[in-house]
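Participant: Below is one structure. I have some questions about it.
The values are calculated or read from the model by the stated rules, or taken from the named source; none is laboratory data. Fair warning: this is a prediction, and the values are worked out from it, not measured in the lab. Cβ atoms come from the backbone with ideal geometry, glycine included; neighbour counts cover every protein chain shown. Side chains are part of the model used for accessible areas, which takes the heavy atoms of the whole protein and leaves out ligands, DNA and RNA. Shrake-Rupley method; radii C 1.70, N 1.55, O 1.52, S 1.80 Å.
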Amino acid sequence: MMRKTVTTKLLGSMRGFPSHRVNYAVNAVARELIKSRELENDELRPLYMDFQATTPMDPRVLDAMLPYQVNYYGNPHSRTHAYGWESESAMEKARKQVADLIAADPREIVFTSGATESNNMSIKGVARFYKSKKKHVITTQTEHKCVLDSCRVLEAEGFDITYLPVKTNGLVDLQLLEETIRQDTSLVSVMTVNNEIGVRQPVEDIGRICRSRNVFFHTDAAQAVGKIPINVSDWKVDLMSISGHKIYGPKGVGALYVRRRPRVRMEPLQNGGGQERGLRSGTVPTPLAVGLGAACDIAQQELEYDHSRVSMLANRLVRKIMSEIPDVVMNGDPEQRYPGCINLSFAYVEGESLLMALKDVALSSGSACTSASLEPSYVLRAIGTDEDLAHSSIRFGIGRFSTEAEVDYTADKCIQQVKRLREMSPLWEMVQEGIDLKSIKWTQH
């Protein structure tokens, strides 16, 4: 009854809006009501298939962290007693573990609160330091929101920002990138693996181009570190952002790789005690740093096994869905990608309706970059996806703890619900009758 009342009021306030916006809004409200009811009733939790949003902490990481939560609580920057020394030793061990995962020098690792801070530090810090001579920054239209918003802040400060388009497969046009670099370009920022469609950018080629043109190269590698082999020297990367909770580590911690030779100079965002080479003042939280280090160490040991297993499960999911349902599109390049991030568009089905139908599986919709937005994903728009398809996309995230049974259940449930929703769709019925929907001239009353 409550849902019906809320929906009726919502529909009344949205007269004149396009139907897909109304459907999205109604589904969003319904999802909130379902969420509150499930939390109140303490129902069984859904299967987790959203590993791009966050990952569960590996129990081995928690084991490494616990002593520094309870017994070894000293400030790692206190140099006058054993409490500080033991915390500092643990922090430096963690710094080396992070560095080893990306083939860097431990002195090039700066601890941060996460990839968002690392991205902000890189883009704003480098641009502002070199602003007297260079006022141009290049990024792409499919970057994470924190990169795009950092660039918009720089624009407001008078910097010239180029937002490169990407090809329909989601990859950067290298020739266009090279042509866009100018004498006053200070930084190029391109993410390694896209968080929404999983495409893997040609980072090595981008690094080579930037180094040859004497331009610093930053990459947001939050979705790549610990999942694919990385060598910052071979890639010619100057700055790299890392997130703890994306690699089965704790939330609230990340790292920034800052190359020493050739040296990258940057203006700090945060001032204070001068910790972390003066780039990020503030006490490093030892338990979180230890957790990030442990997560990186485990990832390095199990990277090859994790990648092959995730690839197997991803192929199993995609094959099963696509063999049973027609008109399913995989967004992004089918080859140059991280297999654990699968973004599928189900034609003639609203993504939000499908998410509600799959409420016993934790997934995310690619149909909006924020849950409050009625606009289709800017990433899908950037690769030229039709608006209807963009609104019908679902992101499946597979990770270290995913099982074959979970993948099979998700695929079967998805197949079942897509078929059910299409049977209710007048558009699907028209397509089955051979009507070309693009030839119809729709009118709005």
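Participant: Report Rg/Rh for region 89-184, rounded to two decimals, where Rg is the Cα radius of gyration and Rh the Kirkwood radius.
Facilitator: Radius of gyration over Kirkwood radius for region 89-184 works out to 1.05.
Participant: Order Phe51, Phe216, most accessible first, counting only protein heavy atoms with a 1.4 angstrom probe. Walk me through the numbers before you get to the answer.
Facilitator: Working: Phe51 10, Phe216 40 Å².
I get Phe216, Phe51, largest accessible area first.
Participant: Can you compute 3J(HN,Hα) from phi for each residue in region 49-64, using the Karplus curve 6.51 cos²θ - 1.76 cosθ + 1.60 with θ = phi - 60°, rounded to whole Hz and x for Gly and Pro?
Facilitator: Each residue of region 49-64 in turn: 9, 9, 6, 7, 6, 6, 10, x, 5, 5, x, 5, 5, 4, 4, 5 Hz.
Participant: Can you compute 3J(HN,Hα) from phi for each residue in region 202-218, using the Karplus curve 6.51 cos²θ - 1.76 cosθ + 1.60 with θ = phi - 60°, rounded to whole Hz and x for Gly and Pro?
Facilitator: Here the 3J(HN,Hα) series is x, 4, 4, 5, 5, x, 4, 4, 5, 5, 5, 9, 6, 10, 6, 10, 10 Hz.
Participant: If you keep only loop residues by DSSP, which trypsin sites (Lys or Arg not before Pro) in region 144-228 have at most 15 other Cβ atoms within 10 Å of their Cβ?
Facilitator: Working: sites: Lys145, Arg152, Lys167, Arg182, Arg200, Arg208, Arg211, Arg213, Lys227; in loops: Lys167, Arg182, Arg213, Lys227.
Sites meeting the loop and neighbour criteria: Lys167, Arg182, Arg213.
Participant: Once the principal axes of the Cα atoms of region 238-358 are found, what is the range along each, listed largest first in whole angstroms?
Facilitator: Principal-axis extents of the Cα atoms in region 238-358, largest first: 59, 32, 31 Å.
Participant: Anyone know which of Pro262, Pro250, Pro229 comes out most mobile in the 10 Å Cα GNM of the chain?
Facilitator: Pro262
Participant: Next question, about the same structure. Only one of the values [x] 23.5, 80; [y] 23.6, 71; [z] 33.4, 128 was calculated from this structure for Rg and Dmax of the Cα atoms in Å; name its label.
Facilitator: Correct label, based on the coordinates given: [x].
Participant: Could you tell me the accessible area of Trp235 in Å² (1.4 Å probe, neighbours in place), rounded to the nearest ten?
Facilitator: Spelled out: Trp235, probe radius 1.4 Å, area about 10 Å².
Participant: So, one more: 5 Å is the cut-off here: which amide hydrogens, built 1.01 Å from N in the peptide plane, fall below it relative to Gln223, excluding neighbours closer than 5 in sequence?
Facilitator: When sequence neighbours closer than 5 places are left aside, the close amide H contacts are Val193.
Participant: Carbon and sulfur together cover what percent of the accessible area of the chain at a 1.4 Å probe radius?
Facilitator: Values: 10500 of 20460 Å².
Carbon-and-sulfur percentage of accessible area, whole number: 51.
Participant: May I ask you to give the solvent-accessible area per residue for the chain, in square angstrom, as obtained with a 1.4 angstrom probe? Please list the in-between numbers first.
Facilitator: Working: 20460 Å² over 445 residues.
Accessible area per residue, the chain: 46 Å².
Participant: Could you run the Karplus curve 6.51 cos²θ - 1.76 cosθ + 1.60 with θ = phi - 60° over region 288-293 and give me ³J(HN,Hα) per residue in whole Hz, x for Gly and Pro?
Facilitator: For region 288-293, the Karplus curve yields 5, 5, 4, x, 5, x Hz.
Participant: Positive end of the charge dipole of the chain (Lys, Arg +1 and Asp, Glu -1 on Cβ, about the Cα centre): tell me which of Met49, Ala90, Pro326 has its Cα farthest that way.
Facilitator: Positive-most Cα among the choices belongs to Ala90.
Participant: Over the chain, what is the percentage of antiparallel beta bridges among all DSSP beta bridges, to the nearest 5?
Facilitator: Of those bridges, close to 55 percent are antiparallel.
Participant: Relative to the Cα centre, what is the charge dipole magnitude of region 221-376, using +1 at the beta carbon of each Lys and Arg, -1 at the beta carbon of each Asp and Glu, and rounding to the nearest 20 debye? Present the calculation step by step, with values, prior to reporting the outcome.
Facilitator: Working: 17 positive and 16 negative charges, 154 e Å.
My answer is approximately 740 debye.
Participant: Round to the nearest 0.05 the FRET efficiency obtained for Leu66 and Ala103 when R0 = 22 Å and r is the Cβ-Cβ distance.
Facilitator: Numbers: r = 29 Å, r/R0 = 1.34.
Plugging the Cβ-Cβ distance into 1/(1 + (r/R0)^6) gives 0.15.
Participant: Sticking with this one: Going by average Cβ neighbours within 10 Å, how do the peptides 128-139, 333-344 rank, with the highest at the top?
Facilitator: On the way: 128-139: 17.5, 333-344: 20.3.
Per-residue mean Cβ counts within 10 Å order the peptides as 333-344, 128-139.
Participant: Probe radius 1.4 Å, ligands and nucleic acids left out: which of Leu279, Leu313 has the largest accessible area, and how do the rest follow? Show your work: numbers first, answer last.
Facilitator: On the way: Leu279 20, Leu313 0 Å².
The residues order as Leu279, Leu313, largest area first.
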